[in-house]
Amino acid sequence: MHDIVDLRSDTLTLPTPEMREAMARADVGDDVWEEDPTVKRLEALAAERLGKEAGLFVASGTMGNLVSVVSHTHAGQEVVLDLDSHIFNYEVAGAAVIGNVQMRPVKTARGFLTPDQVRGALRPANIHIPPTGLVCVENTHNRHGGTCCTPEEISAIAAVAHGASVPLHLDGARLFNAAVALKRPAREFARDVDSVTFCVSKGLAAPVGSVICGSAEFIARARRVRKMLGGGMRQAGIIAAAGIVALERMVDRLAEDHANARALAEGLGRLPGLSVDLASVQTNIVIFGVERAGDPAASGAATAELVAGCAARKVKIHAIGPASIRCVTHKDVDAEDIARTRDAFAEITRKW
Ligand SMILES: *Cc1c(COP(=O)(O)O)cnc(C)c1O
């Protein structure tokens, strides 16, 4: 039980004592010179977990995606991705500004492109038309509420992309949540992709960083791009040390976050005015709608009332739309905190 229950994001997780200990003791060197043994250990461990030849430690998931897009594409190419994807919506158009590529967002039902959608979006060779340079998928899907696709779904997309000699990138910021939820090894999701990124900083609770994994040849190119973007860090083993603890100690416990999210969703689903799609609560994210009197203005006011009412009860939640709230469970939220959160919501909605 914590004094403040912070459900705004799993990026708020604080490093564990074991991480701080590992950081204090880390052997370090200049990683731009490829002489930091702790960074190398993290990169090798990540590559091994994802079944790839090599890894590259980067400052953030956003940097991992940008480095990957730039490393795969040339200026003037097109990137096929889901309309609700993080890369298209929340990465400040970095791929367009820095990579000079055009985005081709495709509307999907669940956040996951189907093989037919990829086939339909690939461009023919024609002097007028931008060539397709990359396809991207995201798992778990952030904007769709932490939903998962299977390794087989990713492989089916890869087959179509590769059939046209186009590479596939997996934005797996929360890939280990998908692996734990579906009880599949993370490497199965990455088997047929040409690059994959995941965050050690979210549910895995490290303070900083993401890792890109791919072939040795791809990672060598990505290392150059990372340097170009100012991401060549020196004694980065200090932070990579926490990433190693994240991968070794924090993956299996994600199941607790998933159980807490489900318990929260089930509780909220019984309250008046809240609509939760339980089928979409597959990992650690609960997105729900707020509805009062069938009226958008009343629903918006009720959403604000919930955020303020929870804050007054030391429960922090985050509105992601005019009548939509997101709660994210993580290692700094326990079952008692979830019970308290359910009570807070019940009290606020009692008079609705
Ligand atoms: C959080 C997130 C990112 C970006 O990671 P940062 O470390 O916050 O830059 C990328 N993709 C997805 C799907 C995410 O959820």
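The values are calculated or read from the model by the stated rules, or taken from the named source; none is laboratory data. As the structure is a computational prediction, the values presented were derived from the model and not from experiment. With ideal geometry, Cβ positions are generated from the backbone for all residues, glycine too; neighbour counts draw on all protein chains shown. Surface accessibility is based on the protein's heavy atoms, side chains included, excluding ligands, DNA and RNA. Shrake-Rupley method; radii C 1.70, N 1.55, O 1.52, S 1.80 Å.
Quick notes on this one:
- Note on segment 194-225 and segment 74-108: Cα centroid distance 19 Å, given to the nearest whole angstrom.
- Sequence-ordered 3J(HN,Hα) estimates for segment 152-161 from the Karplus curve with 6.51, -1.76 and 1.60 and θ = phi - 60° stand at 5, 5, 5, 5, 5, 5, 4, 4, 5, 4 Hz, glycine and proline given as x.
- Placing R0 at 41 angstrom, the Cβ-Cβ distance between Met228 and Lys351 gives a FRET efficiency of 0.10 after rounding to 0.05.
- Between Ile129 and Glu266, the contour length at 0.36 nm per residue exceeds the alpha carbon distance by 44.5 nm.
- Once the 1.4 Å probe is applied to the protein heavy atoms, segment 17-249 comes out at 41 Å² accessible per residue.
- 18 Å reach of a label modelled at Ala279, 7 Å along Cα-to-Cβ, counting backbone N of segment 102-124: 108-114
- Within-12-Å neighbourhood charge of Pro272 [Cβ basis; K, R +1; D, E -1]: +3
- Candidate cross-link partners of Lys351 among the aspartates and glutamates, defined by an alpha-carbon separation under 18 Å and a same-chain spacing of 8 or more, comprise Glu291, Asp295, Glu305, Asp343.
- Descending Cα extents along the principal axes, the chain, whole Å: 61, 55, 34
- Distant-in-sequence amide contacts of Met103, defined by a placed amide H-H separation under 5 Å and a gap of 5 or more residues or a different chain, comprise Val79.
- Helix 37-50 axis, angle to the chain major axis (alpha carbon atoms, nearest 10°): 80
- Computed per residue of the chain from DSSP H runs no shorter than four, each worth -39500 (n - 2.57), the mean residue ellipticity at 222 nm is -13000 deg cm²/dmol.
- Start at zero, step by 10 Å, and the Cα-Cα distances of segment 21-120 spread as 14, 32, 31, 17, 6, 0 percent across the bins.
- Computed with every protein chain present, the accessible area of Met228 is close to 130 Å² [probe 1.4 Å].
- In this calculation the C-beta distance from Ile98 to Arg8 is compared with R0 = 35 Å, giving a FRET efficiency of 0.75.
- For the chain, the antiparallel share of DSSP beta bridges with both residues in that region comes to about 55%.
- Exposure of Glu248 as accessible area (Å², to 10), given a probe of 1.4 Å and all protein chains: 110
- Given Lys107/Lys183; Lys183/Lys331; Lys40/Lys227, the pairs whose alpha carbons are separated by over 21 Å: Lys107/Lys183
- Across segment 304-319, coupling constants 3J(HN,Hα) worked out from phi with the 6.51/-1.76/1.60 Karplus curve, θ = phi - 60°, read 4, 5, 5, 4, 5, x, 5, 4, 5, 9, 6, 10, 9, 10, 10, 7 Hz, and Gly and Pro carry x.
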